[in-house]
Amino acid sequence: MLRKILIANRGEIAVRIIRACAEMGIRSVAIYSEADRFALHVKKADESYCIGSEPLAGYLNVYGLVNLAATTGCDAIHPGYGFLSENAQFARACKERGIVFIGPEADVIHRMGDKTEARKAMIAAGIPVTPGTESNLESVEEALGVAEKIGYPVMLKATSGGGGRGIRRCESADELQRNYQRVISEATKAFGSADVFLEKCIINPRHIEVQILADHHGNTIHLFERDCSIQRRNQKLIEIAPSPQLGEAQRQYLGGLAVLAAKAVGYTNAGTVEFLLGENDRFYFMEMNTRVQVEHTITETITGVDIIEEQIRVAANLPLRFKQEEIGRRGYAIQFRINAEDPQNSFLPSFGKISRYYAPGGPGVRTDTAIYTGYDIPPFYDSMVAKVIVSAQTWGDVIKRGERALRDMGLFGIKTTIPYYLEILGHPEFCSGTFNTGFVEKYPELINYSNKPRPEVLASVIAAAIAAHTGL
Ligand code: ADP
Ligand code: ADP
Ligand code: MG
């Protein structure tokens with residue numbers, strides 16, 4: 001077993017990994033920038049090292065981090081998500097230095113991190129993919145030609161994209177022409193690659209993804225699916241496991257498809273195969289994330305499998321402890337990404353000091369976060385400040401539990417997406433369990449929640465008015 005792990009990340013995911021290490025008797029090493037001096041992961045780890053005054057550079061310094069792991073006596077690095085987690089060079093540098101990279105092999109990361117290469121590999125394996133280009137686009141003329149063939153609307157996508165960025169929907173040749181250069185420069189800036197490709201736009205799709213675990217002994221299993229259709233600008237806001245939109249036969253079929261996809265590329269460790277489900281009830285492979293995902297929590301909740309622990313065990317060359325038929329599931333789980341953003345002001349980031357915080361609790365509630373009362377959220381990083389995960393036996397009950405937990409949570413001093421999520425939870429379409437990735441755009445009125453007083457507020461206003469009128 002591994003003895004000491006360097007966590008090449010920050011925030012809630014660093015804390016999550018430190019917790020797994022603590023339970024497994026593994027020493028944890030945290031890293032932090034100057035801006036993160038007061039961050040929780042720094043206090044929670046067994047050892048912590050400052051990696052410089054730049055807010056981002058240290059977390060992205062491939063050789064600096066591998067060196068630090070070696071000199072502090074670590075035998076492995078966990079990359080978390082974001083930062084270097086899908087960087088093949090990082091995985092390779094670890095291996096060359098004799099440090100275990102907790103993730104798949106470098107060449108698998110490289111292949112699946114390139115969306116065009118991943119599509120090719122899936123086509124070869126017989127997995128249905130979204131119709132689109134076979135390789136990256138050479139010119140805007142080629143893009144126009146392909147779009148004409150597959151039909152508008154089309155999605156123009158950055159080959160190395162992630163986090164919902166570098167994607168544009170184009171309704172017409174005009175729009176494609178206008179967006180072509182824009183996506184290229186966006187991709188160059190954000191991902192260091194100018195490669196782009198085209199896909200047919202699936203109309204009113206649901207985003208359904210499958211959690212995979214694979215060891216170095218030839219075992220590959222899935223832990224069922226997650227429904228991440230509640231998104232804004234291609235970024236996930238609320239995730240659900242299992243999907244309330246799948247029947248049992250579809251669920252079994254999709255799980256099998258994801259295992260086939262993982263096996264086809266020699267996948268090891270934890271990963272996620274993302275699909276779109278069209279109105280025609282067909283699944284289309286979209287991409288594979290070769291790392292732990294933000295929403296792994298809801299899969300842990302319904303299956304009881306600790307995904308971070310399994311990642312560490314697999315990296316230590318141990319076989320998976322479960323066979324496919326031993327993976328059960330129980331009820332429903334929902335994760336809310338609590339972002340420090342103001343939903344009523346175009347989701348503008350709202351950083352600053354947290355004047356008061358208390359976590360929601362009670363049955364079926366889990367909170368993964370790195371905030372605390374008095375913590376000053378630095379403006380350099382992701383706006384997600386907490387994840388609230390709720391679970392219950394039925395879809396109806398998990399919605400009620402979600403409402404209760406979000407109202408239970410106290411988070412003051414910054415604006416958050418909590419009030420918006422309460423509106424979504426109260427919406428009949430969400431409650432019916434049939435929604436697609438267009439939900440947020442379809443109901444802009446949910447964002448104007450303050451103009452629509454809650455019943456109890458309304459009741460107290462009316463009571464006050466009556467009291468004033470009658471002179472009581
Ligand atoms: P998930 O796939 O786990 O749901 P997200 O897409 O929300 O995760 O991304 C999680 C974090 O990782 C975000 O901070 C996002 O910006 C970052 N990220 C994801 N993919 C990339 C990428 N290709 N390049 C840079 N950052 C990325
Ligand atoms: P990222 O790497 O940023 O996660 P993805 O390729 O996974 O990018 O796409 C992110 C989201 O964009 C999807 O969840 C979906 O909502 C939307 N999307 C991507 N491709 C398509 C498509 N071909 N048709 C419709 N929606 C799409
Ligand atoms: Mg994705």
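Where a number appears in this text, it was derived from the coordinates with a stated rule and is not lab data. Because the structure is a prediction, the values reported are computed rather than measured. Neighbour counts are summed over all protein chains in view; Cβ atoms, including those assigned to glycine, are modelled from backbone coordinates with ideal geometry.
From least to most packed, judged by other beta carbons within 10 angstrom and beginning with the fewest, H427, H296 follow the order H427, H296. With neighbour counts taken as other beta-carbon atoms within 10 Å, the residues L318, L68 rank, fewest first, as L318, L68. Average 1/r across all pairs of distinct alpha carbons in the stretch 200-246, invert it, and you get the Kirkwood radius: 12.3 Å. The stretch 181-227 and the stretch 236-293 have Cα centres lying 10 Å from one another.
Shown is the FRET efficiency for R282 and H217, computed with R0 = 41 Å from the Cβ-Cβ distance and rounded to the nearest 0.05: 0.75. In terms of other Cβ atoms within 10 Å, L144, L156 run from fewest to most in the order L144, L156.
Stokes-Einstein diffusion of the stretch 4-102 at 20 °C, 1.002 mPa s viscosity, Kirkwood radius from Cα pairs, rounded to a whole number: 165 µm²/s.
Between D46 and F380, the simple spin-label model (points 7 angstrom out along Cα→Cβ) gives 2.7 nm. In this simple spin-label approximation, I123 and C431 carry label points 7 Å from Cα along the Cα→Cβ vector, and these lie 4.6 nm apart. Taking K and R as +1 and D and E as -1, what net charge do the other residues with C-beta under 14 Å from the C-beta of A392 add up to? Computed value for this residue: +4. Placing +1 on the Cβ of every Lys and Arg and -1 on the Cβ of every Asp and Glu, with no other charges, gives the chain a dipole of roughly 880 debye about its Cα centre.
Two numbers describe the Cα atoms of the stretch 131-200: Rg and Dmax, which are 10.7, 30 Å.
The loop-placed GluC sites (Glu not before Pro) in the stretch 194-279, going by DSSP, that have at most 15 neighbouring Cβ atoms within 10 Å of their Cβ come out as E279.
Only DSSP H runs of four or more residues enter the estimate; each adds -39500 (n - 2.57), and after division by the residues of the chain the mean residue ellipticity at 222 nm equals -10500 deg cm²/dmol. In a reduced charge model with +1 at each Lys and Arg Cβ and -1 at each Asp and Glu Cβ, the stretch 1-62 shows a dipole moment near 240 debye about its Cα centre.
In this structure, the amide hydrogen of T417, modeled 1.01 Å from its nitrogen in the peptide plane, lies closer than 5 angstrom to those of N339, E341, counting only residues at least 5 positions away or on a different chain.
Put simply, the convex hull of the Cα atoms in the chain casts, on average, a shadow of 24.2 nm².
Converting the Cα gyration tensor eigenvalues of the stretch 249-396 into ellipsoid dimensions via √(5λ) gives semi-axes, longest first, of 32, 19, 18 Å. Sites listed here are GluC sites (Glu not before Pro) in the stretch 94-141 whose DSSP assignment is loop and whose Cβ has at most 16 other Cβ atoms within 10 Å: E134, E138. Dividing the mean sequence gap of close Cα pairs (under 8 Å, 6+ apart) by how many residues the stretch 206-445 holds gives a relative contact order of 21 percent. In this label model, A57 and L318 are separated by 4.0 nm, measuring between points 7 Å along each Cα→Cβ vector.
With semi-axes defined as the square roots of five times the eigenvalues of the C-alpha gyration tensor, the equivalent ellipsoid of the stretch 72-212 measures 32, 16, 13 Å, largest first. Couplings for the stretch 194-205, taken from phi via the Karplus curve 6.51 cos²θ - 1.76 cosθ + 1.60 with θ = phi - 60°, read 8, 6, 9, 8, 10, 10, 5, 7, 7, 7, 6, x Hz in order; Gly and Pro are left as x.
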